[in-house]
Each structure stands twice: as structure tokens, then as C-alpha cells.
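Notes to accompany the following structure.
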Amino acid sequence: MRILATDLDRTLLPNGSWPPDPGAIDLFNELTQRHDVLVVYVTGRNLDLTENAIREFGIRYPHVLISDVGTSIRKYGQDGWKPHGGWDTHVKLASPRWDATAVRSAVAGVDGLTEQESEHCGPFKQSYYVDHDRNEAILKTVDERVKGKFDEVIVYSFDSQSGKGLLDFLPHSATKQTALEYIADEIGASKPDVVFCGDSGNDVFPLTAGFSGVLVRNADEQLVAGVKQAADARPELKLYYAKGGFKGLNGYYTSGVIEGAYHYGIFYDAD
Ligand SMILES: [Mg+2]
């Protein structure tokens with residue numbers, strides 16, 4: 001079985017400043033039903049905010065939800081959401097030095113960092129808002145205090161909607177990339193049989209991990225630069241840049257996801 005995995009905000013969800021195609025979400029819902037594909041949402045949102053997105057935009061429920069930037073996995077079925085029990089155990093074993101409280105203490109008092117609200121933090125996620133104008137100096141200080149000490153990864157991204165910098169500390173075994181690898185492994189899908197679509201920041205990891213990558217047309221410059229750099233070093237990476245003009249769609253958000261899924265043959269037209 002093939003996997004169609006996608007980021008939500010400004011990838012599947014048309015919540016940026018570019019024009020959405022009316023009907024693209026209905027088309028996505030229909031195409032994923034028609035083709036035998038496992039749908040995975042891979043998002044920085046928590047469960048509540050994901051439910052909000054499903055209601056607000058009318059996107060279908062996924063088979064699997066990788067939320068909180070990869071730190072949490074749930075499956076969706078007839079009885080609703082079910083947490084993935086194996087994932088937490090896996091992360092603890094794979095990142096034994098991870099300790100959210102210790103990370104919190106290590107960065108306490110760094111000027112320009114504000115801890116995010118409790119619903120955005122968790123046992124495997126310690127998150128901050130960053131004064132984006134000063135992000136280089138702030139991230140340098142953060143590196144000095146944290147890097148390499150807690151089996152962590154430090155992920156910085158810029159939210160173009162709010163103008164805020166977002167900083168996540170995660171166990172190195174629990175990111176969008178590793179969670180997706182875990183799910184692919186579990187269902188026995190090879191990496192190229194997993195299509196991953198993204199638009200910004202932390203999507204760089206799954207996009208350069210050996211999956212079949214799709215950058216929607218509105219992908220931000222930071223991501224495009226990061227992905228191109230990785231592709232120069234590793235020409236075997238499979239990457240597709242949605243450009244629009246496909247089936248009358250414009251390539252932004254959902255339309256870029258559909259275009260990418262056709263490119264890799266996950267969706268196809270019966271003739
Ligand atoms: Mg996004």
C-alpha cells in the first residue's frame with residue numbers, strides 16, 4: 001500500500017495569502033477515497049487544532065495522524081482516535097537522554113524566547129516563540145546551552161502568517177521524519193512509496209529523508225533553499241516542485257498536493 005502524507009497548514013490547508021482553488025479539497029477527499037492510499041497528516045498542530053482544521057476546511061479524516069511536530073501518533077478508525085502505544089515506548093528507548101524539563105531549565109532566561117502555551121508543549125515537545133528579527137543570535141545561545149546534551153533536535157521555523165519564529169525541542173527520535181518512517185515501516189511501505197508534501201520549516205527533514213517529496217507551489221524560500229542544498233549533495237533524492245497548470249489547478253496548497261500525488265502515480269486517471 002502506498003502512503004500519501006502531508007503537512008497541514010499552508011500545504012493541505014489553504015490558509016495562506018495565495019489564492020486557493022475552490023473545490024480542491026473536495027477533489028482531494030474524493031481522490032484519496034477512490035485510490036487505495038493510506039492518508040497520513042503530519043502536522044505541528046495538536047489534536048484539538050487538527051480537529052478544528054478538519055471541521056473548518058472540510059478535509060477528510062486521515063488514517064493516521066502524526067501531530068505535535070511528530071511527537072504524537074494516533075490512528076483514526078470507526079471508534080475515533082486511538083493513540084499509538086508503541087510510539088511512546090519507541091521514543092523513550094531511542095532517545096534515553098531526552099528530558100523536556102531539563103531542556104526548559106537549560107534555556108530559561110534566554111532573551112527573546114517565550115515558552116509556548118501548555119497545549120503546545122508535552123512530554124516530547126518543548127516549544128517557544130522566538131523574536132524572529134534576532135533569531136540568529138538567539139539560536140546561537142540556544143545551541144550553546146542545549147545542543148548534543150539531551151538526544152534532542154532543535155527545529156526553527158518562521159510562521160509567515162503570525163510573523164513569529166517558532167522553536168521546537170524534540171527528542172531526535174520523534175520528528176515528522178522519524179514518525180513517518182515508523183509508520184511506513186509498520187505497514188511495510190518502502191520509502192519511495194511514501195509521498196510527503198510540505199511547504200516550510202520543519203518539512204525539510206521528511207522532504208530530504210528519501211521519501212518521494214512534494215513542495216507545494218507556495219513553499220517558502222527557506223525550505224526551497226534547504227531542500228535544494230540537500231538535493232545537490234544527494235542527487236538520488238526524489239523531489240517534485242508543484243508549479244500549477246495541472247488539470248486547471250494552480251499548484252498552491254491542496255492543489256499542489258494533488259499535482260504531486262499524480263506526479264508519483266498515487267492518483268491516476270482510468271482511461
Ligand atoms: Mg505548513
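Coordinate-derived values only; no laboratory data. What you see is a predicted model, and the numbers here were worked out from it, not measured in a lab. Positions of Cβ are generated from backbone atoms using ideal geometry, with glycine treated the same way; all protein chains shown enter the neighbour counts.
General remarks:
- Debye-formula intensities of the chain, expressed as log10 I(q)/I(0) at q = 0.09, 0.11 Å⁻¹, are -0.39, -0.59 (one equal scatterer per alpha-carbon, no solvent).
- Packing-based ranking of 173-181, 68-76, 228-236, 185-193 yields 173-181, 68-76, 185-193, 228-236, ordered from highest to lowest mean Cβ neighbour count within 10 Å.
- All alpha carbon pair distances within region 1-123 were sorted into 10 Å bins beginning at 0; the resulting P(r) in whole percents reads 11, 36, 31, 17, 5, 0.
- Counting only Cα atoms, the size of region 141-210 along its three principal axes is 41, 32, 15 Å, in decreasing order.
- Estimated vicinal HN-Hα couplings, Hz - region 170-177 in sequence order (Karplus 6.51, -1.76, 1.60; Gly, Pro = x): 9, x, 5, 8, 10, 10, 3, 5
- Fewest-first sequence of SER118, SER160, SER67 by Cβ atoms within 10 Å of each Cβ: SER118, SER160, SER67
- Using θ = phi - 60° in the Karplus curve 6.51 cos²θ - 1.76 cosθ + 1.60, the 3J(HN,Hα) couplings for region 245-253 round to x, 9, 6, x, 9, 9, x, 7, 6 Hz; x is entered for Gly and Pro.
- Residues whose placed amide H lies under 5 Å from that of HIS172, excluding near-sequence neighbours: GLU152, VAL153
- Region 125-271 - Debye-derived log10 I(q)/I(0), Cα point model, q = 0.10 Å⁻¹: -0.40
- Computed [θ] at 222 nm, deg cm²/dmol, the chain (DSSP H ≥ 4; -39,500 (n - 2.57); rounded to nearest 500): -10000 deg cm²/dmol
- Whole-Å semi-axes of region 96-171's equivalent ellipsoid (Cα gyration tensor): 19, 14, 10
- Under 24 Å from the Cα of LYS247 - lysines, other chains or at least 8 residues apart: LYS238
- Here each label is just a point 7 Å from Cα along the line to Cβ, and for SER190 and ASP232 those points are 3.0 nm apart.
- Normalised by residue number, the volume inside the convex hull of the Cα atoms of region 202-244 is 63 Å³ per residue.
- Table column - 3J(HN,Hα) (Hz), region 121-134, Karplus curve with 6.51, -1.76, 1.60, x for Gly and Pro: 10, x, x, 10, 8, 10, 10, 9, 8, 10, 5, 4, 4, 10
- Centroid-to-centroid, using Cα positions, region 102-179 and region 204-271 are 27 Å apart.
- Cβ crowding within 10 Å ranks GLU51, GLU152 as GLU51, GLU152, fewest other Cβ atoms first.
- Förster radius 25 Å - calculated FRET efficiency between TRP81 and MET1, Cβ distance, rounded to 0.05: 0.75
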